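Down below is the structure, laid out as structure tokens.
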């Protein structure tokens, strides 16, 4: 879920942010306002659930990946980065050489946007890794459960207190095992992101400072 969801989210975000960063895009302000409107006002859980069911995504992996594939805040960050780093001169030079918008996006925008791609990847990876509520809503097949649901079920199973008829030593051992499993779950849930962050830290600092006031 995390790998596929992150790739899909970053790709869709860049595909949306690129035209919004171009002054030549007709209706850019209207589309931007429409996107910002969805940031302030949400349709709610029940309408989203009905949309997922009617699209045939219910109880499938795509029900976790697609409904929240793009976040408005990340689109704004990516658009600002492209406005500041992809100059009009570069775009005009590419057009003179007969480069199409898609070719320009693939050959110039993505290679020059390593910092923002890393930042978006980290943001989306954290979101995908921590997705819990969506899986509870849209998944019934236990084989499709993400790791967070599996870890939750493990905690619930080990939360049961021993019976009063069990001897004291057995109860102490059971309690110790429960605590060990709980801490192991915490490590398993946190370790992947802690391992990824050092590799994108230098891009992360640059990316989150986009649009900040420099003095």
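FYI, it's all coordinate maths here, none of it is from the lab. Note that the coordinates shown come from a computational prediction; the quantities given were computed from them, not determined experimentally. Please note: Cβ atoms are built from the backbone with ideal geometry, for glycine as well, and neighbour counts cover all protein chains shown.
Listing for the model above:
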{"item": "Full-extension gain in nm, residue 39 to residue 7, via 0.36 nm per residue minus C-alpha separation", "result": "9.3 nm"}
{"item": "FRET efficiency estimate (nearest 0.05) - Cβ-Cβ, residue 61 to residue 112, R0 25 angstrom", "result": "0.20"}
{"item": "Computed lengthening from residue 89 to residue 26, 0.36 nm per intervening residue step minus Cα-Cα distance", "result": "20.7 nm"}
{"item": "Alpha carbon convex hull of segment 1-76, volume per residue in cubic angstrom", "result": "101 Å³"}
{"item": "Square roots of 5 times each gyration tensor eigenvalue, C-alpha, segment 29-123, largest first, Å", "result": "33, 16, 14"}
{"item": "Cβ-derived FRET efficiency at R0 30 Å, residue 53 paired with residue 149, nearest 0.05", "result": "0.95"}
{"item": "Per-residue Cβ neighbour rank within 10 angstrom, fewest leading, 134, 97, 59", "result": "97, 59, 134"}
